[in-house]
Structure formats: C-alpha cells, structure tokens
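Below is one structure, written out as structure tokens; comments come after it.
The values are calculated or read from the model by the stated rules, or taken from the named source; none is laboratory data. Please read all numbers here as calculations on a predicted model, not as lab measurements. Note that we place each Cβ from the backbone using ideal geometry, even for glycine, and neighbour counts take in every protein chain shown.
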Amino acid sequence: MNEIELLSNLLLAPYIIKATALIGVERRVGGNQFRHAFATLGILLDYKYFSDAVLLKASVIHDLIEDVPWTDQQSLRSMDRDANQVVDLVLEVTKPVGMEKSDYLNRILTQGSRNAKLLKVADRISNLTDLHRDIFSDQKISEYLDQTEKYVLPMAEEVNANMVLELKDLIKRRRALLELLK
C-alpha cells in the first residue's frame with residue numbers, strides 16, 4: 001500500500017473519542033492536552049510513520065493514562081485489533097507516579113522499545129515547541145533543555161537521524177534565546 005492508502009485505512013476515531021477526555025486537561029502553555037496529542041501525531045506523520053498504526057494510535061492517547069488516571073484501561077484494550085499493543089506502548093511511555101523524571105527518561109532510553117523512543121522524541125519535540133519564556137523561568141527552560149540533551153537526544157539518535165537534527169535545532173534556538181534575553 002502507498003502512503004495515502006495506509007492513512008486512508010488507519011482507524012483513529014475510537015482513539016480520538018477516548019482522547020477527548022484530554023480536552024479538560026490544561027497545558028501551562030495554553031490549550032490542552034488534546035491539542036498536544038494531535039501535535040505529537042502530526043510530528044510522527046511529518047516524519048512519515050504512515051505504516052505504523054500502533055505508534056500513530058498511541059500518539060493520540062499517549063498522555064491519557066497519566067493525565068486522566070481514572071481512564072478505564074480495559075475499555076482501551078477492547079477498541080480494535082491493535083488496542084493491546086497501543087495500550088502497552090502508552091503504558092511504556094507513561095511516567096509512574098512518584099518516579100523521578102530522570103529515572104523515567106533513563107528507563108525509556110535504556111530499556112524502551114523503538115516505538116517508545118519514537119513516541120517520546122515526538123512528544124518532546126512538541127513540548128520544546130511550546131517552551132516559552134513568558135510561561136517558564138529561564139532556569140526551568142535550561143533544565144528542560146539539559147534533560148533533553150541527556151536523555152531524549154540519545155533516544156532520537158537510535159531511532160531517527162532527522163529527529164536528531166530537529167531536536168538539536170530546537171535546543172540551540174531555545175538556548176540562544178535565553179542568552180539573547182539575559
């Protein structure tokens with residue numbers, strides 16, 4: 001199948017319906033987690049991951065279990081033939097309550113599947129795009145960039161060279177902005 005046929009056959013509607021629970025979850029940068037989910041999906045499509053239905057479906061609900069903890073995982077697992085793999089991937093990128101962010105990211109880096117790394121990199125690209133000085137302190141931005149370089153950039157190096165370039169560019173631009181405005 002070509003790219004258009006792959007996308008035409010991708011059944012996202014059940015995942016979109018579940019993701020609407022994220023509409024009520026605000027992001028500090030404005031908007032909500034529902035929009036962020038679609039930004040993450042858009043990044044994966046931009047990198048031409050048309051043939052990986054599990055990855056694309058997981059991107060739409062990747063924050064659902066973390067941000068809406070009362071989500072019924074059993075109902076998620078019964079949505080379609082890919083649902084168990086989708087939920088397993090979402091759980092793989094879901095930060096456990098009480099776990100330090102650095103430990104969580106290191107776990108994905110050292111033990112995560114290829115799809116977990118791809119999803120985390122796309123998620124971080126979306127987050128870096130929304131990293132604004134009028135919302136976050138310079139220190140918080142700097143720490144986030146350091147974390148990206150330490151954990152997420154190596155993930156990208158394992159899974160997609162073009163994502164490496166985008167991450168490096170985003171990091172460079174955010175650091176330059178911090179320096180310019182000192």
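Within the stretch 81-90, being of a type outside the set (K, R) and loosely packed, with under 15 Cβ neighbours inside 10 Å holds for one residue alone: N84. Taking the numbered list (1) among the polar types (S, T, N, Q); (2) within 22 Å of L7 (Cα to Cα); (3) touching a residue at least 60 places away in the same chain (Cβ under 8 Å) in turn, S78 passes all entries but (3).
Might you let me know whether the stretch 63-79 holds any residue that is closer than 17 Å to A156 by Cα and surrounded by 22 or more Cβ atoms within 10 Å (Cβ to Cβ)? Taking every residue of the stretch 63-79 in turn, none turns out to be closer than 17 Å to A156 by Cα and surrounded by 22 or more Cβ atoms within 10 Å (Cβ to Cβ). When the stretch 1-21 is limited to residues that are closer than 30 Å to K140 by Cβ and over 14 Å from the mean Cα position of the chain (by Cα), the one that is surrounded by the most Cβ atoms within 10 Å (Cβ to Cβ) turns out to be A21.
Tallying residues that are among the acidic types (D, E) and exposed (fewer than 13 other Cβ atoms within 10 Å of the Cβ) within the stretch 145-162 yields 1.
The single condition from (1) modelled with pLDDT under 95; (2) under 17 Å from I43 (Cα atoms); (3) of a type in the set (A, V, I, L, M, F, W, C) that L177 fails is (2).
Looking across the stretch 95-114, just one residue is under 22 Å from K140 (Cα atoms), assigned to a loop (DSSP other than H, G, I, E, B) and either among the polar types (S, T, N, Q) or under 14 Å from the mean Cα position of the chain (by Cα) (or both), and that is K95. Every test in (1) under 19 Å from L56 (Cβ atoms); (2) in a loop (DSSP other than H, G, I, E, B); (3) among the charged types (D, E, K, R) is passed by K18 save one, and that test is (2).
When each of S142, S126, S137, S102 is tested for being surrounded by 14 or more Cβ atoms within 10 Å (Cβ to Cβ), more than 27 Å from L12 (Cβ to Cβ) and among the small types (G, A, S), the lone residue that passes is S142.
Only residues that are of a type in the set (D, E, K, R), free of Cβ contacts under 8 Å to residues at least 60 places away in the same chain and either touching a Phe, Trp or Tyr at 6+ places or on another chain (Cβ under 8 Å) or in a helix (DSSP H, G or I) (or both) were counted in the stretch 21-56, giving 2.
Check T71, T148 and return the single one that is among the polar types (S, T, N, Q) and farther than 24 Å from Y49 by Cα.
The match here is T71.
Checking each residue in the stretch 123-168 for being touching a residue at least 12 places away in the same chain (Cβ under 8 Å), over 18 Å from L41 (Cβ atoms), assigned to a loop (DSSP other than H, G, I, E, B) and not aromatic (F, W, Y) picks out L131, H132, R133, I135.
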